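Structure first, then comments.
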Amino acid sequence: MIPALLATTMLTQSWIYPPTKTVNHTDTYHGITVADPYRWLEQPITTPEVKAWADAQNELTNRFLNQIPNRKPLLDELLRRVNYERFDIPVQKGTRTFYGYNSGLLPQNVIYVVDRPGATPRILLDPNTLSADGTVALSGTDFNNDGSRMLYGVSKAGSDWIEWNVLDVTTGKTIGQPVKWSKFGGAVMNSDGTGFYYLRYPAPKVTPPSPPPTKTPQSTSTASASTNQPINSSTKIKPSPKRSSSPQWTMPNKSFSSTVTNQAQPTTGSGTPTTMANPSPSTKSLMPTMPTTPPWRSAITDSSSARAKTPRPEKSSPCPSPAEQ
């Protein structure tokens, strides 16, 4: 241990950091002038000057890290401990069953579908192939009632902005163009798969488009599953309860909506059986308290009787791994 510490101490000596220029930029807030000499670094990373600065910083960092002893054995041990197959909780829609599967070291779970009981699982969507550099992440999924359509969202480069897409489950092909300008809000497929409901900000009115200001309230929108273009809808949205982390949906052909609230200490789940004929139903608690590290996962179904507190699968799963087929 001591030799390693001495080696690390030696590595910290005689390092010259890349210079960072300063600019004469100031802002005035309520009559007070504030200097911001590094404002130029707030430009996008694609800006040549900013990219050159970041590359120089990374080069220095990697030069230091690459000389630290025992990094390879530590990495090997960490990978060994996380290298085991994992399954998400399966979702059944019609005759189809959907689930996420990870063989061990994949950055993101691959979504599989079993078209009917006893059929061989097939890959429906592999998020790891959505970008060459792995910076596109799956941000949510939903299905229509018979499992013929899957709604999925993607985010790029760690952004909070989500683009929603509709996938034909039979062909495995994406339909139409992605719906943009959605952030922090979920999206729900309607029952027959002809459209979906989502939250969005107004599209920017500048060219090229830049993200709209998020201080503007989001609006409820409906998109056609064939074109993914916004259409008129009878969907309504109710204000979320105080401290709620997501809105409550009231939509045609859906009989259940849910919210997850954070009331001071534990997380609380609440469900509201909702129909168009009963737009203001009472709310009942599904689970008064949720431990911060639960040995379970939650599951909600499209029915008036909500189900939660589903046991987390450990070494066994109702869905076979692709290797077992």
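Quick notes on this structure:
- From LEU78, LEU105, LEU74, residue being in contact with a helix residue (DSSP H, G or I) (Cβ under 8 Å, 6 or more places away or on another chain) and either at positive phi or not charged (D, E, K, R) (or both): LEU105
- Any chance ILE45 is under 28 Å from the mean Cα position of the chain (by Cα), closer than 30 Å to LEU138 by Cα, assigned to a loop (DSSP other than H, G, I, E, B) and not hydroxyl-bearing (Ser, Thr, Tyr): yes
- Enumeration of residues in the stretch 60-110 that are more than 20 Å from PHE143 (Cβ to Cβ), in a loop (DSSP other than H, G, I, E, B) and free of Cβ contacts under 8 Å to residues at least 24 places away in the same chain: ASN66, ASN83, TYR84, GLY104, LEU106
- So GLN57, is it in a loop (DSSP other than H, G, I, E, B) and not charged (D, E, K, R): no
- Every condition in (1) assigned to a strand (DSSP E or B); (2) without any contact (Cβ under 8 Å) to a residue 12 or more places away in the chain holds for VAL113 except the one numbered (2).
- Single unsatisfied condition, ASP192 versus (1) closer than 19 Å to PHE98 by Cα; (2) without any contact (Cβ under 8 Å) to a residue 60 or more places away in the chain; (3) among the charged types (D, E, K, R): (2)
- Exactly one residue among THR141, THR135 is under 22 Å from the mean Cα position of the chain (by Cα), polar (S, T, N, Q) and crowded, with 18+ Cβ neighbours inside 10 Å, and that residue is THR141.
- Checked against (1) β-branched (Val, Ile, Thr); (2) in contact (Cβ under 8 Å) with a residue 24 or more places away in the chain; (3) surrounded by 13 or more Cβ atoms within 10 Å (Cβ to Cβ), THR120 passes all but a single condition, namely (3).
Each reported figure results from applying straightforward, stated rules to the coordinates on display, with no laboratory input. Predicted model only: the values in this text are computed from it and were never measured. Positions of Cβ are generated from backbone atoms using ideal geometry, with glycine treated the same way; all protein chains shown enter the neighbour counts.
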